[in-house]
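Just below is one structure, and these are the notes that go with it.
Readers should treat all values here as calculations from the given coordinates under stated rules, not as data from a laboratory. All values derive from a computational prediction rather than experimental measurement.
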Amino acid sequence: MASFKELIQSEKPVLIDFYADWCQPCKTLSPIIKQVKEQLGAKVSVLKIDVDKNPQLSQKLNIQGVPTLMIYRNGEQKWRQSGVLSAEAIIQQLQYFGA
């Protein structure tokens, strides 16, 4: 599997959902993320990262709570937000960053 650093080097926006299986808001957000991917298709990459299975990455990125969403483009973090957001709000951010 590609490294995190390789995955975020994309020219198109990369939406990352940091989640945990035990997190109820994460379960609420999951179908919203699917809806975003269905609407934007190939214009965006979507990654789901389990914080419990990736503790070093979570610590490195200072993930304090889940769900935490991030948008990367060309290896740079462009946006970050914790909590559940609407599909429209997430799509708006992704379109702002080139989706």
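In table form, for the structure just shown:
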| quantity | calculated |
| --- | --- |
| Beta bridges per DSSP with both ends in the chain, % antiparallel, nearest 5 | 65 percent |
| Stretch gain in nm, segment residue 38-residue 53, where the contour uses 0.36 nm per residue and the Cα spacing is subtracted | 2.8 nm |
